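Engineer: Can you read through this structure? Questions will come right after.
Read-outs: derived from the displayed coordinates by stated rules, not from any lab. Since the model is a prediction, treat every value here as computed from it, not as a measurement. Ideal geometry is used to build each Cβ from the backbone, glycine not excepted, and the neighbour counts take in all protein chains shown.
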Amino acid sequence: MLKNFVFCFSVTLLLSACNAGKNPTTSAVPNDGKHFGTMVDAKKAIPYDGLLTKMDKLDSLNAKVTGKVSAVCTKKGCWMTMISDKPGQPDMRVTFKDYAFFMPKDIVGKRVVLDGFARVETTPVDVLRHFAEDAGKSKEEIATITQPKRELAFEAAGVLILE
C-alpha cells in the first residue's frame, strides 16, 4: 500500500515538474486579428485577384488568400463569399474544413486571410438553392436557380479577420 502511494506521488510530482514554467494563459497568441480554425498569418498571402489569375490555368491550388467578405451564411456562419477589389470579377464561396468552425455573421465588408484549398467545381442546383436559402433569399429568387454553376470554391482550414 505504501509502495502504491509513493509511486502515485512520484508520478504526480514528475508530471507537475514537466509542466513547470508553462503557463497556458500566457501562450503566444498573435494580436493581429481574430483567428478561426488553424492559425493563419497574413505573410505571403496573395490577393483574391491574384488567385483568380492563377486559377485560369489550374483546377485546384493550395493557397493563402486575402480579400473582402461579401456575404456570410445568415443561419450559422457556415460559409461566406469573397469578392474582388475589381468590379465584374466573380465571387468565391468559402466553406470551412471539416465543418470545424463558423464565421461571425457580422463580417460583411471586412478583410480576411484564408489558408486552404481553392478548386474549380460545378455546384449542383440543390446546393445553390440551399446557399440562397441560407443567405435569406426569397422563395421567388430561389426558384429562379435552375442550372448548376461552375465556380471557384475555397475550403479554408483557417481564417484571420483583419479588420
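Engineer: How large is the dipole of the stretch 35-95 about the Cα centre if only Lys and Arg carry +1 and Asp and Glu carry -1, each at its Cβ, rounded to the nearest 20 debye?
Structural biologist: 160
Engineer: Once you place label points 7 Å from the Cα toward the Cβ at residue 42 and residue 143, how far apart are they in nm?
Structural biologist: 4.6
Engineer: Take the Cβ-Cβ distance between residue 32 and residue 122 as r, set R0 to 45 Å, and report the resulting FRET efficiency rounded to the nearest 0.05. Display every interim value, and only then the final one.
Structural biologist: Numbers: r = 36 Å, r/R0 = 0.80.
So the FRET efficiency works out to roughly 0.80.
Engineer: I would also like to ask the following. Please enumerate, by chain and number, the lysines with C-alpha under 23 Å from the C-alpha of residue 149, excluding those fewer than 8 residues away in the same chain.
Structural biologist: Hits, sequence-local ones excluded: 54, 57, 68, 75, 86, 97, 137, 139.
Engineer: Moving on. Cβ under 12 Å from residue 110's Cβ, residue 110 left aside: what net charge do those residues give with Lys, Arg +1 and Asp, Glu -1?
Structural biologist: Working: positive: 34, 68, 105, 111; negative: 106, 163.
Counting the neighbours of residue 110, the net charge comes to +2.
Engineer: Still on this structure, please answer the following. Which whole-number percentage describes the relative contact order of the stretch 32-161, with Cα contacts under 8 Å and a sequence gap of 6 or more?
Structural biologist: Result for the stretch 32-161 is 33 percent.
Engineer: While we're on this one: Given 135, 146, 104, which one lies farthest toward the positive end of the charge dipole of the stretch 74-146, if we put +1 on the Cβ of every Lys and Arg and -1 on the Cβ of every Asp and Glu?
Structural biologist: 104
Engineer: Extending each Cα 7 Å along its Cβ direction at residue 162 and residue 86, get the distance between those two points in nm, one decimal.
Structural biologist: For residue 162 paired with residue 86, the spin-label model returns 1.8 nm.
Engineer: Based only on Cα atoms, what mean projected area does the convex hull of the stretch 22-163 have, in nm²?
Structural biologist: Here the figure is 9.7 nm², rounded to one decimal.
Engineer: Can you give the net charge of the other residues whose Cβ lies under 13 Å from the Cβ of residue 50, counting K and R as +1 and D and E as -1?
Structural biologist: On the way: positive: 44, 54, 57, 64, 86; negative: 49, 56, 85.
After counting each charged neighbour, the total is +2.
Engineer: For 117, 96, which order do you get if you count the other beta carbons within 10 Å of each Cβ and list the fewest first?
Structural biologist: 117, 96
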